[in-house]
Structures are given as structure tokens and as C-alpha cells.
């Protein structure tokens, strides 16, 4: 009798516990499953988006190689509009900027470079966009903007010599030939001897250094 009573009590206690806690338990289980499968769905979606962006970028490059410029523009704009968070979108903006420069549309090129700089995902991308933007600003005689942009650089890294050369270009554009020559000299010392732009940089430096010597 005692045993039967004990079993009944246990059953009643279990029923009471389930009544009090069952809904919470089910909710917890469902929430856990939602987080698990929802997290997987999010990861799968992100992977799909990344693959789609990669495919569009490859198509853009292929269109460029085939000189299908308008198709390449369309695909670049698709990357910028639909895959803004991907690393391919700033690359697309850089490509569009180059096309705008070729068409003589410097304001449009500047806009694309500013967008690429703002959305850069890596320091390398940021420095690439910034250096190209500085060159565009110098060409447009927006010297104060160019100087301000370079002053914002906190970690030039492997672009240090490039920025030094740009300081020379900016000084030369402003008529500060001595300052330009000094910057070109420093850039020559910083660049590897086999860097592709060293020959032209040396010409720029020697022209100014020779002119400075002749004037003395």
C-alpha cells in the first residue's frame, strides 16, 4: 500500500511538474532548434551570397577582357547594389572609376573612388582606393583635399613609398619643386629597385634635381 501510494505520488508530482514546466521546456527546445537551424540557414545564405558575388565579378572581368564595356558596367553596378558587403563591390567601384577616367568624367571617377574607400574591407583595398583618389584630386587641382586625404593615413604599410611619391606629385603641382624633389628622392630610396614605376620616378626626380642644381 505504501509502495502504491508512493508511485501515485510520484506520478502526480510528475504531472504537476510537467504542468508547471512543460511549456517552458518545449519553448526552450524549439528555441534551441530555431537557433541551430536558423544559424545554419544564415551561414548557408551568406555562403550563397558570397558565391553569387564571386560569379558576378568573374563575369565582369570576362566582359572587360572581351571589351564588352557596357556589360561590365552593368555587372559592376550589380555588385555595388546587391553585394555591397562583399569584397568584390569595392573592386567593381575601382573598375568603374577607371572607365570614368578613360571617358574624361573625373567627377564620376572621384565618386566611385570615394565609395570604394568607404567600403574597403582591407587596408590594402583602402590604400589602393585612397592613392588613386589622391591622384584624381591632384589632376583636378583639388590640392587641399588631396593633402587632407593623405594626412588621414595612419598605417600606410607597403604603400608608404607610394604616398611619399604622391607627396612629391602634390608639391610639384603646387609649384614647390624643392619639396617635390626631396619627396621623390625619399620615394626612390623606399621603393624596391625593380618596382615597375621606379624608372619614371627617377626621371621625375632627376629633372627636378637637375633644374635645382642649374639654378644655383
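Some notes on this structure:
- With only Cα atoms counted, the range 156-216 has Rg and Dmax values of 11.2, 37 Å.
- Length available on full extension from residue 189 to residue 107: 0.36 nm per residue minus the Cα-Cα distance, which gives 26.1 nm.
- Sequence of 78, 118, 70, 206 once ranked by neighbouring C-beta atoms within 10 Å, starting from the fewest: 70, 118, 206, 78
- Residue order for 204, 105, fewest other beta carbons within 10 angstrom first, comes to 105, 204.
- Extended-chain gain in nm, criterion 0.36 nm per residue less alpha-carbon gap, residue 151 and residue 209: 18.3 nm
- In plain terms, the residue of 200, 143, 163 with the fewest other Cβ atoms within 10 Å comes first and the most crowded comes last, giving 200, 143, 163.
- Given R0 = 30 Å, the distance between the Cβ atoms of residue 62 and residue 199 translates into a calculated FRET efficiency of 0.40.
Every number here is computed from the coordinates shown, using simple stated rules; none is lab data. Everything numeric in this text was worked out from a predicted model, so none of it was measured. No Cβ is skipped: glycine too gets one built from the backbone with ideal geometry, and neighbour counts run over all protein chains shown.
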